[in-house]
Amino acid sequence: MGAHTHTALIDAETLRSMLGALAPMVIVDAGFDLADPPSGERAHGAAHLPGAPHVHLERDLSATPTGRNGRHPLPERAAFAATAGRLGITPATQVVVYDRQQSMFAARLWWMLRWLGHAPVAVLDGGFAAWQAIGGPVESGPVTPHPQPAYPIGNAPSPLAPTLDAAALQAQLGRLALIDARAPERFRGDVEPLDAQAGHIPGACNRFFKDNLATDGRFKPAHVLRAEFTALLQTQSAGAVVHQCGSGVTACHNLLAMAAAGLEGAALYPGSWSEWSADPSRPIARG
């Protein structure tokens, strides 16, 4: 990777300075709304960063839910490698992803590209609002990417983005540091608007993904994130951490925050609570 490769966060001014540079770069709009799925495409059509295509959480970043595999199951890596190629992404491409939703969907795309083995991918810190705040140029209307062949992936999983499935997680409960990114009331089981049961996976601790952000919508400074996650993990190393949430989306926000803080090696449980709670034989906790 070059000296100017960005692998976690990138600020709006730095991105603006890179527009028009000779080095290959692809910017992607990952905006989405769980309550209004078409809204991300509408917002993209009205205004987006120059040349940025849109990706849809449910069509591009998820496989088909079966009722047992979570609400946003990961697609096959080969299928997503083809999607990355259609977006114009090659191993040499610096990718920048953003959204309008506090980076919750951009972080999912960031993690998924790392899952393919692609290191030079960063999230626009503060998203579209930060871009607007500096008067960054925008375009409207559809975008046609410059497609490339499917992103080359090997048979081995990427060390940049390890995963754990439900069976492996259940076998290791109590020996891993499990972090749940959902809102506290959902974690406790006070409410459950989306999934089969209320509560959380036994042994999990709660780190609401929005706690990664400062009041301006940007991520907290790296040293602050590092201190907060270190306090949460106590004696556990970053490599012993497994992140989860409702459906494997906002957990990626915590993974991004840890990466921005220099805490690498944590894994994702992609099925998360939506998969775990769909099987009545699995243990649950409340409170």
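Please treat every number below as a calculation from the coordinates, not as lab data. Since this is a predicted model, take the numbers as computed values, not measurements. Ideal geometry is used to build each Cβ from the backbone, glycine not excepted, and the neighbour counts take in all protein chains shown.
Over the range 166-276, calculate the relative contact order: mean separation of alpha carbon pairs under 8 Å at least 6 apart, over the residue count, as a percent. Relative contact order here is 31 percent.
Over the alpha-carbon set of the range 182-287, divide Rg by the Kirkwood Rh and report the Rg/Rh ratio to two decimals. So for the range 182-287, dividing Rg by the Kirkwood Rh gives 0.97. Kirkwood hydrodynamic radius of the range 89-164, from the reciprocal of the average inverse Cα-Cα distance over all distinct pairs: 14.1 Å. When only alpha carbons are used to place a centre, the range 189-218 and the range 121-137 end up 25 Å from one another.
Between THR235 and ALA78, with labels modelled 7 Å along Cα→Cβ, what's the label distance in nm to one decimal, could you check? It is 4.5 nm. If one takes the longest principal axis of the Cα atoms in the chain, at what angle in degrees, from 0 to 90 and to the nearest 10, does the Cα axis of helix 222-233 lie? Relative to the chain, helix 222-233 is tipped by roughly 20 degrees. Can you tell which of ALA267, ALA171, ALA130 shows the greatest fluctuation in a Gaussian network model of the chain with Cα springs below 10 Å? Of ALA267, ALA171, ALA130, the most mobile in the Gaussian network model is ALA171.
Principal axis extents of the Cα atoms in the chain, from largest to smallest and rounded to whole angstrom, are 53, 40, 36. In plain terms, the chain is cut at each of the trypsin sites (Lys or Arg not before Pro) found in a DSSP loop with at most 15 other Cβ atoms within 10 Å, and the longest leftover piece is 176-285.
Count charges around ILE284 for me, please; just the other residues with Cβ under 15 Å from its Cβ, Lys/Arg as +1, Asp/Glu as -1. Before the final figure, lay out the partial values.
On the way: positive: ARG182, ARG186, ARG188, ARG282, ARG286; negative: ASP180, ASP190, GLU192, ASP195, GLU275, ASP279.
Taking every other residue near ILE284 into account, the sum is -1.
Mean sequence separation of contacting Cα pairs (under 8 Å, at least six apart), scaled by the length of the range 12-118, corresponds to a relative contact order of 34 percent.
Pair-distance distribution P(r) for the range 9-133, from all Cα-Cα distances in 5 Å bins starting at 0: 2, 11, 22, 25, 21, 12, 5, 2, 1, 0 percent. Taking the fewest neighbouring Cβ atoms within 10 Å as the starting point, the ordered list for SER277, SER158, SER17 is SER17, SER158, SER277. How many angstrom lie between the C-alpha centres of the range 18-54 and the range 240-287? So the two Cα centres are separated by 26 Å. Counted residue by residue at 0.36 nm each, then reduced by the alpha carbon distance between them, the extension gain from VAL191 to THR215 reaches 6.1 nm. Helix 104-116 and the longest principal axis of the Cα set of the chain meet at an angle near 90°.
Note: the range 168-237, Cα convex hull, 118 Å³ per residue.
For the range 229-287, pairs of C-alpha atoms spaced more than 13 angstrom apart make up 64 percent of the total. Among MET104, MET18, the ranking by other beta carbons within 10 Å of each residue's beta carbon, starting with the fewest, stands as MET18, MET104. Summing Lys, Arg as +1 and Asp, Glu as -1, what charge do residues with Cβ under 12 Å from the Cβ of LEU263 carry, LEU263 excluded? Taking every Cβ under 12 Å from that of LEU263, the sum is -1.
Looking at the chain, the DSSP beta bridges with both ends there are about 15 percent antiparallel. The orientation-averaged projection of the convex hull spanning the C-alpha atoms of the range 1-40 amounts to 4.2 square nanometres.
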